[in-house]
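Here is the structure we will look at, set down as structure tokens.
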Amino acid sequence: MYLQFNKSKGKNGKIYESVLLCKKFRDKETGKPKTEVVLNLSKYGLDNKTITSLKTSINKTKGILVDSEDIKINKTIDIGFVHLLLTIMDRLRITEAIEKTYGPKANIIRLMIIGKIATQGSKLHIYNWIKRNSYISQRLGIDVEALKLDDLYFELGEFSRMQTKIEKKWNVYHRSRHKDIYLYDITSSYFEGTENALSAFGYNRDGKKGKKQITIGLITDSKGFPLKIQVFEGNEVDYKTVNGQLKAIKEQFGAKSIVLVGDRGMRIRLNLEELSESEKQNISYISALSSSEIRALINDKVIQLELFSKDLVEIEDGGIRYILCNNPVLQKEKNQTREALKSRFEIEISSIKSSWDKRHEQNLENIEKIGKGHKNKKLVTAFTEKKLDNFKYRTTKALKKYKVSKFYTVIISNDEFKVDYDLQKYQEEKTLDGKYVIESTVAKEDMDTKQVRGKYKELQNVEHAFRDMKTDKLNIRPIFHINEDQTRGHVFVCMFSYAIVKELETVIYPWLKTYNKKNNCKLSYHDITDELNNIKVSELKMGHKLKKIMIPELNVIQSEMVNIFNIKIEKLMTV
């Protein structure tokens with residue numbers, strides 16, 4: 001026997017449904033199969049559950065049949081992106097480096113590292129995210145009910161105190177990446193508040209006037225992969241941090257030889273001159289010269305200006321290699337920028353002078369009126385000191401704003417407003433547009449001319465790291481911490497978060513380039529992370545007791561990401 005479900009349409013257009021209990025039999029005379037209705041169940045007003053139970057019993061179906069009304073989704077978890085972050089954390093041996101040095105509370109640090117990527121928010125934001133996504137804590141063996149916000153702040157401070165030991169272990173795991181070549185650069189991050197012991201007013205790279213800041217030094221390999229990070233007071237000067245970093249690389253990393261790559265602001269050569277012979281042994285560097293240093297070499301006839309017209313020229317003097325480089329595109333950009341700034345300054349200074357001229361003419365008219373016996377003895381005949389100071393202030397501000405102080409001299413007094421333009425200095429400045437000189441003490445047998453230039457250009461990888469850390473990949477700023485150790489811990493956590501982001505970018509960006517070109521679209525990094533985040537695990541409740549964990553079908557992009565990153569889907573089912 002079996003159940004047969006029929007639908008029929010009445011004369012009034014209404015649809016009638018019936019459930020019939022039927023059986024099949026073969027006619028003895030004709031041998032043809034026939035159907036016999038044993039019972040019309042529709043007459044008994046049976047509900048869906050009863051009908052489903054009857055069907056299960058009659059058909060002896062394998063498994064259990066459940067009415068659709070009894071199938072509910074208990075919970076759905078956005079697991080794909082977080083699972084990938086945890087996977088990469090393990091692959092990069094971040095987990096291992098922290099667990100082996102930090103101890104039993106290492107998983108709280110891991111939570112903060114992942115949370116920083118997932119939320120780009122403050123510790124309070126990360127804490128609330130942890131509470132909303134308790135399954136992550138459960139996976140890491142953390143009692144989310146007992147976890148307090150203060151636990152995160154406390155562990156940040158403890159984490160910073162273990163930084164040297166952790167970074168030493170971290171370097172052991174990634175020593176093969178850098179091969180004794182270290183890129184070093186500095187940035188700053190501003191504070192909301194003024195109470196932090198490390199905060200100070202300094203050269204603000206964030207363009208936030210009136211905000212105190214900290215200075216952050218980052219050491220990476222040639223690809224921008226982070227190896228060491230350090231927090232300095234906000235008014236620390238770039239070049240004063242160099243020798244401390246060299247010492248740390250030697251002592252923490254046990255480096256037998258060091259090639260330090262830094263920009264012109266690091267003044268690496270001058271820093272090395274302050275070290276003893278034993279201290280600077282086996283240390284070489286790659287850096288660049290400032291415009292004034294290049295002019296000094298030209299004046300001393302060490303290099304000649306016409307040599308920049310060639311593709312790449314190397315000159316050695318006093319044991320230092322000077323590599324002369326020329327970038328025509330940069331030359332054009334600098335020239336256009338300077339011309340634009342010059343034009344804008346001249347418009348502004350003309351406006352200031354017009355204002356001075358108008359007042360000066362009135363002064364002269366008043367002098368003439370008084371000379372003719374004008375009764376009003378209070379007529380203004382000269383600029384007040386305050387008025388002259390105002391004109392001088394506006395002029396100085398314009399000179400600085402448009403960066404043309406070296407080309408213009410402005411004299412303002414009661415009797416004159418004089419603007420002198422030095423054409424010769426302007427032309428001299430243009431001669432170095434697009435030209436730069438790399439200096440290095442790396443032996444020629446270790447790196448040829450092109451390799452040295454290539455290594456210097458790799459500094460852009462550190463700049464890229466700072467952009468990721470300071471913008472929408474991580475949002476390290478603004479900093480709200482008051483405690484010094486917690487501030488250092490916050491930055492240290494962000495370094496490991498960036499290591500994971502860097503690994504994601506290494507895979508996603510090449511894939512995006514190919515995919516967008518092939519499909520004529522413009523997907524971004526964040527589009528891919530959103531797709532990963534949309535890989536969900538759902539817990540289905542079926543009937544009274546049965547539960548089933550399911551993953552919805554993946555789309556094309558999700559499937560490709562799962563394959564590229566070698567994500568084990570079966571591990572998602574353990575949520």
Notebook entry, point to check: Would region 230-239 turn up any residue that is in contact with a Leu (Cβ under 8 Å, 6 or more places away or on another chain), more than 24 Å from residue 484 (Cα to Cα), crowded, with 16+ Cβ neighbours inside 10 Å and among the aromatic types (Phe, Trp, Tyr)?
Noted result: no
Notebook entry, point to check: Out of the residues in region 529-575 that are among the basic types (Lys, Arg) and either out of contact with any strand residue (DSSP E or B) (no Cβ under 9 Å at 6 or more places or on another chain) or modelled with pLDDT of 75 or more (or both), which is surrounded by the fewest Cβ atoms within 10 Å (Cβ to Cβ)?
Noted result: 545
Notebook entry, point to check: Could we say that residue 398 is in a helix (DSSP H, G or I), of a type in the set (Gly, Ala, Ser) and in contact (Cβ under 8 Å) with a residue 40 or more places away in the chain here?
Noted result: yes
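Residue by residue, here is whether (1) among the small types (Gly, Ala, Ser); (2) on the phi < 0 side of the Ramachandran plot; (3) loosely packed, with under 14 Cβ neighbours inside 10 Å holds:
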{"site": "117", "(1), (2), (3)": "no, yes, no"}
{"site": "133", "(1), (2), (3)": "no, yes, no"}
{"site": "143", "(1), (2), (3)": "no, yes, yes"}
{"site": "150", "(1), (2), (3)": "no, yes, yes"}
{"site": "188", "(1), (2), (3)": "yes, yes, no"}
{"site": "202", "(1), (2), (3)": "yes, yes, no"}
Next item on the list: Could you look through region 136-178, keep only residues that are hydroxyl-bearing (Ser, Thr, Tyr) and within 21 Å of residue 91 (Cβ to Cβ), and pick out the one that is modelled with the lowest pLDDT?
Entry: 176
Item checked: Search result, residues across region 32-48 that are part of a helix (DSSP H, G or I) and either farther than 15 Å from residue 4 by Cα or free of Cβ contacts under 8 Å to residues at least 12 places away in the same chain (or both) -> 43, 44
Next item on the list: Look through region 83-99, keep the residues that are surrounded by 18 or more Cβ atoms within 10 Å (Cβ to Cβ) and free of Cβ contacts under 8 Å to residues at least 60 places away in the same chain, and return whichever of them is farthest from residue 539 (Cα to Cα).
Entry: 95
Next item on the list: Determine whether residue 251 is more than 22 Å from the chain's Cα centre (by Cα), closer than 28 Å to residue 156 by Cα and modelled with pLDDT under 90.
Entry: yes
Item checked: Residue list for region 465-494, restricted to those being in contact (Cβ under 8 Å) with a residue 24 or more places away in the chain, more than 16 Å from residue 217 (Cβ to Cβ) and under 10 Å from the mean Cα position of the chain (by Cα) -> 468, 472, 473, 474, 475
Note to self: Can you say whether residue 310 is surrounded by 15 or more Cβ atoms within 10 Å (Cβ to Cβ) and over 20 Å from residue 443 (Cα atoms), as far as the supplied structure shows?
What the structure shows: no
Check: Consider residue 434 against the criteria (1) under 30 Å from residue 303 (Cα atoms); (2) at pLDDT 95 or above: it satisfies all of them except one. Which criterion is unmet?
Finding: (2)
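Let's see how each residue does on (1) surrounded by 12 or more Cβ atoms within 10 Å (Cβ to Cβ); (2) of a type in the set (D, E, K, R); (3) out of contact with any helix residue (DSSP H, G or I) (no Cβ under 6 Å at 6 or more places or on another chain); (4) more than 30 Å from residue 399 (Cβ to Cβ):
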| position | (1), (2), (3), (4) |
| --- | --- |
| 299 | no, no, yes, no |
| 320 | yes, no, yes, yes |
| 367 | yes, no, yes, yes |
| 378 | no, yes, yes, yes |
Note to self: Restricting to region 370-395, name every residue that is within 30 Å of residue 348 (Cβ to Cβ) and in a helix (DSSP H, G or I).
What the structure shows: 385, 386, 387, 388, 389, 390, 391, 392, 393, 394, 395
Check: Regarding residue 497, is this residue without any contact (Cβ under 8 Å) to a residue 24 or more places away in the chain and either surrounded by 15 or more Cβ atoms within 10 Å (Cβ to Cβ) or farther than 22 Å from residue 126 by Cβ (or both)?
Finding: no
Next item on the list: For residue 361, work out the one condition from (1) surrounded by 12 or more Cβ atoms within 10 Å (Cβ to Cβ); (2) assigned to a helix (DSSP H, G or I) it doesn't fulfil.
Entry: (1)
Checklist line | Candidates 293, 348, 365, filtered to the one that is farther than 30 Å from residue 253 by Cα and without any contact (Cβ under 8 Å) to a residue 24 or more places away in the chain | finding: 365
Next item on the list: Count, please, the residues in region 266-295 that happen to be of a type in the set (Ser, Thr, Tyr) and buried (at least 18 other Cβ atoms within 10 Å of the Cβ).
Entry: 3
Notebook entry, point to check: Among the residues of region 401-426, how many are free of Cβ contacts under 8 Å to residues at least 12 places away in the same chain and either hydroxyl-bearing (Ser, Thr, Tyr) or not assigned by TED's automatic domain parsing to the domain that holds residue 336 (or both)?
Noted result: 1
Check: Within region 294-306, can one find any residue that is assigned to a loop (DSSP other than H, G, I, E, B), closer than 26 Å to residue 180 by Cβ and touching a strand residue (DSSP E or B) at 6+ places or on another chain (Cβ under 9 Å)?
Finding: no
Note to self: Exactly one of these conditions fails for residue 301: (1) without any contact (Cβ under 8 Å) to a residue 12 or more places away in the chain; (2) in contact with a Phe, Trp or Tyr (Cβ under 7 Å, 6 or more places away or on another chain); (3) not hydrophobic (A, V, I, L, M, F, W, C). Give me its number.
What the structure shows: (2)
Notebook entry, point to check: Looking at region 171-276, what strands (runs of 3 or more DSSP E) fall wholly within it and have at least 3 residues that are over 23 Å from residue 476 (Cα atoms), hydrophobic (A, V, I, L, M, F, W, C) and touching a strand residue (DSSP E or B) at 6+ places or on another chain (Cβ under 7 Å)?
Noted result: 258-261
Check: For region 326-353, what are the residues that are under 11 Å from residue 433 (Cα atoms) and surrounded by 15 or more Cβ atoms within 10 Å (Cβ to Cβ)?
Finding: 326, 331, 334, 338
Notebook entry, point to check: With respect to residue 154, is the statement that it is assigned to a helix (DSSP H, G or I), out of contact with any helix residue (DSSP H, G or I) (no Cβ under 7 Å at 6 or more places or on another chain), crowded, with 16+ Cβ neighbours inside 10 Å and not polar (S, T, N, Q) true?
Noted result: yes
Next item on the list: Residues that are under 27 Å from residue 261 (Cβ atoms) and small (Gly, Ala, Ser): find the helices (runs of 4 or more DSSP H) completely inside region 416-534 holding 1 or more of those.
Entry: 449-457, 460-470, 484-519
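The values are calculated or read from the model by the stated rules, or taken from the named source; none is laboratory data. Note that the structure is a prediction, hence the values are computed from the model and not measured. Counting neighbours? That spans all protein chains shown, and the Cβs are built from the backbone with ideal geometry, glycine included.
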